[in-house]
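Below is one structure; the comments refer to it alone.
The values are calculated or read from the model by the stated rules, or taken from the named source; none is laboratory data. Since the model is a prediction, treat every value here as computed from it, not as a measurement. Don't worry about glycine lacking a Cβ; one is built from the backbone with ideal geometry, like all the others, and counts go over all protein chains shown. Ligands, DNA and RNA are stripped out before the accessible areas are found, and what is left, the full protein with its side chains, is counted by its heavy atoms. Shrake-Rupley method; radii C 1.70, N 1.55, O 1.52, S 1.80 Å.
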Amino acid sequence: EDIDELFPKDKYFLFVAIGHAGLNKLRKYYCTRAIDKGYDLISYVSKNATIDPNVEIGWNNFILDNVVIEPLATIGNSVFIWSGTIICHESTIMDYNYIAPNATVCGLSTVQKFCFLGANSTISDYVNIAELSLIGACRFISKDTIPKNAYISNKKASIKLNNLSQHIKKVFYI
């Protein structure tokens, strides 16, 4: 609460460094508080990321080494993209998403708000990942997802978020 005194908004920018807690809703909460206090939020983009000049990128993003973002993609606000991820041409990543290492979002796909894409997951071309989707590690998604569902096994289509195991709920704070 002393942030205004310690770091005056006319001298400092903020970066809200909170991971996937609550499927990214905790990060949204603190971003909203910072903006309401008048702070400008900045992004971190690794110098080792390859981002086409025709990509739109919002604020409070975290883009690590060896990320590739192809032409005409759009990255919303407060998106965390880990090393080795590929966002293909004309794809849209909406606000408050978390994309784990080596995930791939193929061309013309959309990831709606508050999603988690696990390590090495792949989203096929023209797919819509619905709001509050949890995509597990190594999962291949070739069809649109259903809001508030988890896709954590290649054997089951999906699981409603409130039916997830207590362990997964604890990890994601949901």
Subject >> Three-way shape label, the stretch 1-49, alpha-carbon gyration tensor, a/c 1.5 >> reply: oblate
Original post:
Are any of the pairs Lys37/Lys113; Lys9/Lys113; Lys9/Lys148 more than 32 Å apart by Cα-Cα distance, and if so, which?
Top reply: Lys9/Lys148
Subject >> Among (1) 31.0, 101; (2) 17.3, 60; (3) 16.2, 53, the entry derived from the coordinates for Rg and Dmax of the Cα atoms in Å >> reply: (3)
Subject >> With Cα atoms, 0 to 90° folded angle of helix 25-36 axis to the chain main axis >> reply: 30
Subject >> Descending principal axes extents, the stretch 68-134, alpha-carbon based, whole Å >> reply: 24, 20, 20
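Assuming R0 = 25 Å, what is the FRET efficiency of Phe7 and Lys47, from their Cβ-Cβ distance, to the nearest 0.05?
0.50
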Original post:
So which trypsin sites (Lys or Arg not before Pro) in the stretch 1-50 are both in a DSSP loop and have at most 11 other Cβ atoms within 10 Å of their Cβ?
Top reply: Lys11, Lys37, Lys47
Original post:
Hey, rough spin-label estimate for Asn128 and Glu56, points 7 angstrom out along Cα→Cβ, what's it come to in nanometres?
Top reply: 1.8
Original post:
For the stretch 1-121, which whole-number percentage of the solvent-accessible area (1.4 Å probe, protein heavy atoms only) is attributable to carbon and sulfur atoms?
Top reply: 53
